[in-house]
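The values are calculated or read from the model by the stated rules, or taken from the named source; none is laboratory data. Note that the structure is a prediction, hence the values are computed from the model and not measured. All Cβ positions, glycine included, derive from the backbone under ideal geometry; neighbour counts span all protein chains shown. Just so you know, the surface numbers come from the protein's heavy atoms only, side chains and all, with ligands and any DNA or RNA stripped out. Shrake-Rupley method; radii C 1.70, N 1.55, O 1.52, S 1.80 Å.
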Amino acid sequence: MNNVVTKMLLVLTVIGAVSGGILAGVFHVADPLIQANREKELKEAIFVVLPEAKDYKVMEKEVDKEKLAIYKGIDAEEKLVGIAFIADGGGFQGNIRIMVGLGIDYLKLKGIKILEQNETPGLGNRIKEPAFEGQFKGLEIKPKVEYIKYRKPEKPNQIQAITGATISSDAVVKNVNNAVSRVLKAFPQEEVLK
Amino acid sequence: MADKQNLWHEFKKGLWQDIPPFRLVLGTCPTLAVTNSVINGVAMGLATLFVLLTSNITVSLLRKIVPGQVRIAAYVVIIALYVTVADMFLAAMFPPISKALGPYVPLIVVNCIILGRAEAFAQKNPLMPSIMDALGMGIGFTMSLAVMGVIRELFGFGSIMDIKLLGDWFEPWIVMILPGGAFIVFGFLVALVNYLSRKKAETICH
Amino acid sequence: MEEKIQDKPHEKPKEPPIERLIVSSSPHFLRDENIHKIMHTVVLALLPAMAASVYFFGLRAAGLIIISVAACMLTEYAVQKLRKKPITIWDGSAIITGILLALTLPPSFPYYGAVLGSAFAVGVGKQLFGGLGYNIFNPALLGRAFLQATYPVLITTWSEPLSKAAKAGVDAVTAATPLALMKFEGKMSSHLDLFFGNVAGSMGETSALALLIGGLYLRYRGYINWKLPLGYLASMALFGGIFWLINPTKYPDPLFHILAGGAMLGAWFMVTDMVTSPVTPLGQWIFVICGGLLAVVIRLFGGLPEGVMYSILLMNAFVPLLNKHTRPKFFGEGIKVE
């Protein structure tokens, strides 16, 4: 009886150890590649929302026990061209993740890019089309971003919602507003510009 | 000679007679979840094929060593190992596919086909039949996912492998890329496979 | 014959029918009624709604109705031919499915979409389950739900009724339905417009008056149980009213709920579907009360502005369960004998 228990323990331990070893090896090779992929993706997104930027610097802070990060976009002469940050929030179905670019005037958006979304194909997922994303270029964030329906925007802080996809359009606007207000609070203009 | 025929049989059964999602109704979760395009379906099928093959090999080789009482625990560890390897490989080499498949690659761990083949076949059979079994089942599974993907992508996007086949006159059937479309296509395919095999059985009988 | 035996292995070979003692499941017809007659009465009852749709939205509405009906009958014919069953396209059930489906579509919906919806409604919604009497879901609504998922943009592209469009000086104006206006913009439409149907919406759903005439005619002929339509509407009014009392500025009043959207059409012609509604009184009450609640909840809190379709389809799914568990006890049932 004892013999069986020992064998069980031994076999499982060996299998576990060998598996762990193999995994560690694979991880060692794959992890740098995975990190590089993430980095590349982030970089591309930042450069889309801050077109003048050639490089970026991360600035992190802890607000209410939550880590908040912004990416300071800098051009070839090391001059600050704007800041970028992630806006996360619920959409019609699932999460919408947006990269938001804000000018150094802290008034106008430089652009947004939808990084992740699960909206209805052909309807809500049109938020990632340039026609919709492009509306955020030069959009004023004060007092806050708004959307209107069926008409061309009239005020500098308005965008036109996608017909038939009000909820998704609304979610994007809400996420952007939330993220902007959090960033404005946590990273005052003076502090970033300096 | 008989041996060779046997091996051929082990391979062939996964392609039609016991084709996993349609006849065994195993592995339906990925079959429904990731087949909204051909590429996703095939990638998922190949990832599963890899895990199936490696786990069948390992289980078959260890079949005389692992005590019966802890075999499930051992198989799960082995399967989880290969799944994690596959997941990391996809994330490192094909990030877009990895992103599209999302949590379904890690979920191969709980795919009934893998544990099912380990338990029902590999632990009782030598290496070669286990390999053939895994290859047959894996290719059958990949084929099924590809067929689902072809139908859903064609109707849902008007394209196959991102190549536009149907012109602008075609208004895509959005439902096909939604979960509802997956269930509809799956139901029809199960019915079709049943119908065809019944027909085949009838012609043999008569 | 061979197929029959395969389907039901316990079934004995057919004996000559006994004329006097007929044992069958409900409904038991005491009068000279048959499927044929009932169905054609329903078509007659739908005439006012069809007329209203043509009046408000023009000849295109008639075109959509004709095409849907034709596609439904053709699908029925094709499937029955394929299954080697008797062809029953003239019993009227496919015609009704076609009309009802067309009435739930926006007037500008493309013809090919109506054909696709009809094929799904009859092919999958009815024939796949075994034909008339065996379907779990109302076929027309299932077709509509399929189209909602298939063409989400087209099926939510509404146009103003002709009279309003003419005032604006153009042929067709895209517009929002009263429910969408309520939900997304907080605007209410006039009850009078809703009652007569002079609003944007699905072709046959807008005119509460026309549907009411048809519904009351059906009731007069005794083809529908008053519990079902009135219970459903009352439930919607009740639950809608509760939210209205909580916050009258945000939520619409109960009358709006039963006049707007598909409430009237659903209540009179879909909730009352003989095949997909419960047969026991208690089951019927549960069916309509839960249905009305669901419709209101989806309207006010769901992602879509209209909830009648999904509320009926969801409750359809519960019908077998309701029938099973609300069966009245026969005398002495359940008493334990020592």
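Things worth noting here:
- Assessment of region A:144-166 against the conditions (surrounded by fewer than 18 Cβ atoms within 10 Å (Cβ to Cβ), within 30 Å of residue A:190 (Cα to Cα), more than 14 Å from chain C (Cβ to nearest Cβ) and in contact with a helix residue (DSSP H, G or I) (Cβ under 8 Å, 6 or more places away or on another chain)) yields at least one matching residue.
- From A:58, A:63, residue being touching a helix residue (DSSP H, G or I) at 6+ places or on another chain (Cβ under 9 Å) and of a type in the set (A, V, I, L, M): A:63
- Flag for residue A:112 being farther than 21 Å from residue B:100 by Cβ and surrounded by 13 or more Cβ atoms within 10 Å (Cβ to Cβ): yes
- Flag not set for residue B:115, criterion: open to solvent by less than 50 Å² (accessible area, probe 1.4 Å), of a type outside the set (Gly, Ala, Ser) and touching a residue at least 12 places away in the same chain (Cβ under 8 Å).
- Residues that are within 12 Å of chain C (Cβ to nearest Cβ), more than 17 Å from residue B:37 (Cβ to Cβ) and surrounded by fewer than 17 Cβ atoms within 10 Å (Cβ to Cβ), drawn from region B:157-182: B:169
- In region C:142-158, of all residues being open to solvent by less than 20 Å² (accessible area, probe 1.4 Å) and among the aromatic types (Phe, Trp, Tyr), the one that is farthest from residue B:157 (Cα to Cα) corresponds to C:146.
- Any hit, region B:188-195, residues being under 21 Å from residue B:46 (Cα atoms), at pLDDT 85 or above, open to solvent by less than 90 Å² (accessible area, probe 1.4 Å) and more than 10 Å from chain C (Cβ to nearest Cβ): yes
- Of the residues C:94, C:121, the single one that is part of a helix (DSSP H, G or I), open to solvent by less than 30 Å² (accessible area, probe 1.4 Å), touching a Cys at 6+ places or on another chain (Cβ under 7 Å) and away from chain B (no Cβ under 14 Å) is C:94.
- Selection from region A:30-69 of residues that are open to solvent by less than 60 Å² (accessible area, probe 1.4 Å), within 19 Å of residue A:193 (Cβ to Cβ) and among the aliphatic types (A, V, I, L, M): A:46, A:49, A:50, A:53, A:59, A:68, A:69
- Failed item, numbered, when residue A:132 is tested on (1) part of a strand (DSSP E or B); (2) surrounded by 18 or more Cβ atoms within 10 Å (Cβ to Cβ): (1)
- Candidates A:12, A:102, filtered to the one that is open to solvent by less than 70 Å² (accessible area, probe 1.4 Å) and either within 12 Å of chain B (Cβ to nearest Cβ) or free of Cβ contacts under 8 Å to residues at least 12 places away in the same chain (or both): A:12
- Residues that are within 14 Å of another protein chain (Cβ to nearest Cβ) and part of a helix (DSSP H, G or I) were ranked within region C:177-213; the one that is farthest from the chain's Cα centre (by Cα) is C:185.
- Residue count, region B:54-91 (criterion: buried (at least 20 other Cβ atoms within 10 Å of the Cβ) and either away from chain A (no Cβ under 13 Å) or farther than 19 Å from residue B:107 by Cβ (or both)): 6
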